[in-house]
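Remarks on the structure that follows.
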Amino acid sequence: NSILGLVEQLRRIIGLSLDEAIKHNPLQNDDLAVPRFLVDCINIIDQAHAQDNVYRQEPVKIKQPADLENALKQPLTPTFAVSLLKRFLKELPEQLIPAEQSTGIFKIMNDPNPDLNRFVEIRNLIQKIPKPNRDTIRLLFLHLHDIIH
């Protein structure tokens, strides 16, 4: 992957819903419904996370379209990949966890009298999240788990 390649991928999908982002930037994997951009960023971050503490470094500021142009002059670093990933997630038009499911999950988690059924209820709510959102959350959680361990 090159910095130009990642920036071009981001340009094609920024501000789109996950469904549309997948159509414009498909991953060649029928089991995983996420944009290729997401996997490419995570792969770059994973290659260097052990020595770099990549999430603790100062991010590259990418707030305006001109910032993307300036970024093309920089080397492709894990820190830059983190910045691109954050920009993509911030620009999603919808939440990763839709309001109905997040409200339900928080309600169950805050129940003062929890029972064993709460895990089944949470699992059922998670299954109602659209597949692209669920796969994106899963991929991000697995990535963060790997970073922590």
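Each reported figure results from applying straightforward, stated rules to the coordinates on display, with no laboratory input. All of these numbers come straight from a predicted model, not from anything done at the bench. We place every Cβ from the backbone using ideal geometry, glycine too, and count neighbours over all the protein chains shown.
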Backbone HN-Hα couplings from phi across the stretch 25-37 [Karplus 6.51/-1.76/1.60, Hz, Gly and Pro as x]:
8, x, 9, 7, 8, 5, 7, 10, 9, 9, x, 4, 3
Computed from the beta carbon distance with a Förster radius of 22 Å, FRET efficiency for Gln28 and Gln95 to the nearest 0.05 stands at 0.20
